[in-house]
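The values are calculated or read from the model by the stated rules, or taken from the named source; none is laboratory data. Predicted model, so just to flag it, every value in this text is computed and none were measured. Positions of Cβ are generated from backbone atoms using ideal geometry, with glycine treated the same way; all protein chains shown enter the neighbour counts. Ligands, DNA and RNA are excluded from the accessible area calculation, which covers all protein heavy atoms including side chains. Shrake-Rupley method; radii C 1.70, N 1.55, O 1.52, S 1.80 Å.
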Amino acid sequence: MRLENETSEFELIAKAFQAISKEISYEGLAKALLKAALDYSGATRGAVVLSEGAELLAKADASFPRERAKFFASHPLAADFRMSPDLSERVLTRQEIVVRQDSWNGSALIDPTECPADLNIAQLCLPLIHQERTIGVLYLESERRETFTPRCISVMTMLASQAAVSFESAQLFEALRETNMWMVKGQQIGRMGSYRWNTRTLLSRASRECYRIFDINLDVNPVPFEVFKSRVHPDDFPALEQALAEAVSTKSPFSQEYRVVHKDGTTLHVVAVGQLDLGPTGDVELEGIITDITERKAAEQALTDARNELARAVRLALLGELAGSIVHEINQPLTGIITSAEACLRWLARDPGEARKSAVRVIEQGRRASDVVTGLRSLVRDAQLHFAELEINDAIEEVLLLSMRELEHAGVTLRTDFDRSLPNVEADRVQLQQVVLNLVRNAIDAMAGIHGRARVLTASSTAADGHIAVSIADTGNRRRFREQGATLRCALYDEG
């Protein structure tokens with residue numbers, strides 16, 4: 001019978017050791033130790049306090065500094081844990097095992113207002129020691145004097161020692177958990193996630209933030225390539241697939257920007273970067289970062305819109321200054337139209353041939369007015385880039401036509417030397433005309449102080465080295481002239 005009892009006792013102790021040794025968190029360790037101690041000893045009440053470092057030794061008074069403890073567990077649940085000064089001194093500082101009888105006033109767990117005056121208790125308090133430091137205490141109370149026998153104390157000591165050993169594992173896992181928590185938080189703040197993509201199996205593993213970016217359920221692990229593909233915008237996938245294939249075939253770094261479409265239709269802009277490495281299984285894997293740049297894209301678009309609006313405002317201001325020239329250039333052909341039309345009516349009654357000539361002049365003057373309006377409309381339209389094939393000489397002549405009034409008032413003679421054999425070019429007409437208009441106005445300003453020699457503005461175009469070069473030259477300061485010509489040529493080359 002005694003053998004059976006001992007066998008049962010050993011099994012209970014073995015299970016307690018297993019329960020304590022498998023815990024990898026402070027909370028789990030404290031609760032496992034307390035349960036094992038209460039189950040074996042039969043104590044009425046108990047508590048376990050764990051602390052990292054020597055914080056428990058910072059103060060030994062009647063109130064245990066549990067606010068500095070790593071974890072506190074008690075049974076039954078207690079609102080406070082109070083150790084008497086002498087008990088703190090013996091257990092925490094001297095690292096003694098204390099077994100004693102005391103009145104209810106010496107209890108660390110019982111609320112004095114709820115305790116009968118004649119209650120006596122037995123106490124067992126053991127230090128939890130790790131690398132010669134006190135990292136916590138195991139505290140038990142019983143209303144039976146004979147609860148804490150030498151055998152019980154021996155078993156409690158072994159359980160406390162096992163808990164102290166397991167404490168190191170808990171430290172490591174807690175540190176790992178904390179590091180992972182910081183990483184997750186950092187990725188959430190930075191809106192970026194990490195991933196590993198197996199180039200053989202086409203399966204991916206990724207951080208939680210990647211799952212958010214791609215709107216994929218966390219239960220899908222690893223992520224099949226088809227699931228990933230279903231989230232990529234169809235228009236962007238061919239370029240992404242080509243970039244992946246090139247990175248894998250050349251063993252080069254990977255970088256690609258594309259759009260991700262969620263199940264509810266939300267579209268995100270992302271940029272993915274990575275480099276190839278050997279995975280745990282020996283397969284080549286692409287490891288990298290995916291960043292959600294949707295907000296940055298929106299900010300860039302807002303900045304672009306603001307710049308375009310500012311450019312449009314500048315053009316409107318310039319047109320305001322050119323209002324006199326515009327009125328003159330439109331009024332002149334209109335006057336000619338009216339005069340030619342009246343003459344046409346008169347010649348119809350006398351000479352049909354002359355009437356025909358007057359009608360032709362009406363058409364010519366009408367086209368001239370139309371050219372002025374076309375140039376004006378181009379300069380005030382939306383500032384978004386619109387590349388199209390154009391005849392560069394025509395685009396420049398429209399600007400010169402609008403500037404004629406200002407050139408005449410400034411006493412500037414206009415000369416042109418355009419190469420009429422130039423091919424059409426791909427460019428933004430508005431941007432090109434804006435550059436020409438600015439250079440023409442700069443040339444007029446440069447010649448304002450000239451006296452004693454002619455003020456001449458020369459506009460020319462030539463083909464050179466596979467590009468078309470346009471020069472706006474003035475007879476003002478030579479250095480200023482050279483800078484203007486170079487500025488226009490660079491702008492043309494940038495536009496293609």
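Phi angles of segment 436-446 translate, via the Karplus equation with coefficients 6.51, -1.76, 1.60 and θ = phi - 60°, into HN-Hα couplings of 4, 4, 5, 5, 5, 5, 4, 5, 4, 5, 5 Hz per residue; Gly and Pro are given as x.
Going through segment 210-290, which GluC sites (Glu not before Pro) have at most 15 other Cβ atoms within 10 Å and a DSSP loop state? Loop-located and lightly packed - none at all.
Here the accessible area of segment 133-227 is 59 percent carbon and sulfur, with a 1.4 angstrom probe and all protein chains present. Sparse packing (at most 11 other Cβ atoms within 10 Å of the Cβ) combined with a DSSP loop state is found for the following trypsin sites (Lys or Arg not before Pro) in segment 382-431: 420. Annotation: lysines with alpha-carbon distance below 25 angstrom to residue 229 (same-chain offsets under eight excluded): 251, 263, 297. Shown here for segment 166-274: trypsin sites (Lys or Arg not before Pro) in loop regions (DSSP other than H, G, I, E, B) with at most 13 other Cβ atoms within 10 Å, namely 200, 251, 263.
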